[in-house]
1. For n ≥ 4 DSSP H runs only, could you compute -39500 (n - 2.57) per run for the chain, divide by its residues and tell me the 222 nm figure to the nearest 500?
2. So if each residue of separation counts as 0.36 nm, and I subtract the Cα-Cα distance between Glu48 and Thr26, what length gain in nm does that give?
3. To the nearest 20 debye, what is the magnitude of the charge dipole of the chain about its Cα centre, counting +1 on the Cβ of each Lys and Arg and -1 on the Cβ of each Asp and Glu?
4. For the chain, what D do you get in µm² per second when you plug the Kirkwood radius from alpha-carbon pairs into Stokes-Einstein at 4 °C and 1.567 mPa s?
5. When the label point is put 7 Å from the Cα of Asn18 along its Cα-to-beta-carbon vector, which residues of segment 35-56 have a backbone N closer than 17 Å?
6. Counting only C-alpha contacts under 8 Å and six or more residues apart, can you give the relative contact order of the chain as a whole percent?
7. Run the numbers for Phe4 and Leu34: contour at 0.36 nm per residue of separation, minus the present Cα-Cα distance, in nm.
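Every read-out reported here was derived from the displayed coordinates using simple, explicitly stated rules and does not represent laboratory data. Note that the coordinates shown come from a computational prediction; the quantities given were computed from them, not determined experimentally. Virtual Cβ from ideal backbone geometry, glycine too; neighbours counted across all protein chains shown.
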Amino acid sequence: MSDFVRVTEPKGKVHWVNLAHVRHLTVRPAMKGLPVVTEIHIDNWFVERQLIVVEAPEEILAQRV
């Protein structure tokens, strides 16, 4: 069974991400009054995408059971 985690974009949109497809997590520093955000780089057979979320990498990985 795959590990899915719930992440939230800065504007409030919620995504469920399969950790089996996450290539890496990157923390972007705060810029010009914006909060620190995490980039999630997702790669599977068909699509390569990037999500910007408000959770820290530690919070994302702590959701795994």
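1. Working: 1 runs with 6 residues, N = 65.
The per-residue figure over the chain is -2000 deg cm²/dmol.
2. Details: separation 22, 0.36 × 22 = 7.92 nm, distance 1.54 nm.
Length difference between fully extended and current span is 6.4 nm.
3. On the way: 8 positive and 8 negative charges, 43 e Å.
Its charge dipole is roughly 200 debye.
4. Details: Rh = 12.2 Å.
Translational D for this selection: 106 µm²/s.
5. Under cut-off, by backbone N: 41-51.
6. Values: 116 pairs, mean separation 21.0, N = 65.
It rounds to 32 percent for the chain.
7. Values: separation 30, 0.36 × 30 = 10.80 nm, distance 2.72 nm.
Roughly 8.1 nm would be gained on extension.
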